[in-house]
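Student: Once you've had a glance at the structure underneath, I'll fire off some questions.
Please treat every number below as a calculation from the coordinates, not as lab data. Source: prediction; values computed, not measured. Because the Cβ atoms are built from the backbone with ideal geometry, glycine has one as well, and the counts that use them run over all protein chains shown.
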Amino acid sequence: MMRNTTVQKLTSILVVIDRTDETRLVVAKSMILARHFGARLELFLCDSEQAYALRHSYDARGIASARQAYLAEGHRYLDALRRSLAEDVAISVHVACESPLYEAIVHRVQEAQPDLVIKRAAGNYSTRRFALDANDWQLARTCPVPLVLTHGLPWSAQPCFAAAVDMSDRDDNGLACTIVHAASYLALGCRAQLEVMYSDRAAGDAKAHDARTEDLRRLVDEFHVDDKRLHVLQGEAEDTLPAFVTRRHFDVLVLGALTRRRGRAALVGTLTSRLLEALECDVVLVKPDSYLCPVPEAVRAVAG
């Protein structure tokens, strides 16, 4: 299924709830976005471990009742969470019992058609860095709409947004445009600053370096990013970007989720992988406009 993989509108946000201590912060960031854009929220809860256990249960007679009991309890939890929030944002709830989790999230995106998904990064990580689990890597690869992965740090009162692009392949500059477009839209809606970064691994080739820098200037001019907020670094991006992002204290970094190698399916890019494990800020992962979600749509509803 092809979806609008950049952020051209933000009227609905799917908020993945996991009952951890960080849930409140994920919801708080969702509320910030919802207020800025006038968007509605859907709180989505799915216990994939419970679903997996039920799928492999030896006692088939109790599966349906156990699933219904979980769905009912999940609704009570989300309803209580919703009642605890301010009433200036429209909020709905949805509970699923499906495994694996990333497919449940993708199925809900296919059903509810949100413009954005926000989720806590679920791996084992320190207070300041990501370390995604296998489910989040799969979600980064398959989510058909932009995906926000957050890991516990609150945003500044005036959030600072950044976009990281790769200008080294002129045939793939459409993704760079998609990234800057998404970052510009989010920053403008939040009345926030936007900075754009490119790390040129071929900086020693002056002619190529100048050509790529000019391509980048033309790109950011379309989104009214002035030269003071444009940064061209020298070296491999995985070496230069993490430290630069840390020094600049960005709250949110927008970058491409995938790379496409000839003859192979779309994968989470090496640079993206390394950045996710090194960064101290939240990330928004976007995909090229040509992206096709590999997860088939659910044949029937699996949730209540």
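Student: Only counting other Cβ atoms within 10 Å, I'd like 29, 287 sorted with the fewest neighbours first.
Tutor: 29, 287
Student: Name the residues whose placed amide hydrogens come within less than 5 Å of the amide hydrogen of residue 46, ignoring near sequence neighbours (fewer than 5 apart) on the same chain.
Tutor: Amide H neighbours of residue 46: 17, 96.
Student: 5 Å is the cut-off here: which amide hydrogens, built 1.01 Å from N in the peptide plane, fall below it relative to residue 160, excluding neighbours closer than 5 in sequence?
Tutor: 251, 252
Student: Then there is this: Of 251, 215, 282, how do they rank once you tally other Cβ atoms within 10 Å and put the fewest first? Mind dumping the intermediate values first?
Tutor: On the way: 251 19, 215 16, 282 24.
So the ranking, lowest neighbour count to highest, is 215, 251, 282.
Student: Would you mind computing, in nm to one decimal, how far apart the modelled labels at residue 208 and residue 137 are, each placed 7 Å from Cα along Cα→Cβ?
Tutor: 2.9 nm
Student: Okay, moving on. Using R₀ = 35 Å, calculate the FRET efficiency as 1/(1 + (r/R₀)^6) where r is the Cβ-Cβ separation of residue 234 and residue 8; round to 0.05.
Tutor: 0.60
Student: For an R0 of 41 angstrom, estimate the FRET efficiency from the Cβ-Cβ distance between residue 66 and residue 289 and round to the nearest 0.05.
Tutor: Step by step, r from the Cβ atoms, then E = 0.45.
Student: Can you put 240, 272 in order, fewest other beta carbons within 10 Å first?
Tutor: 240, 272
Student: Continuing with the same structure: Excluding residues on the same chain fewer than 8 positions from residue 29, give the aspartates and glutamates whose Cα lies under 20 Å from its Cα.
Tutor: Excluding near neighbours in sequence, the set is 18, 21, 42, 79, 87, 88, 115, 136, 251, 280, 282.
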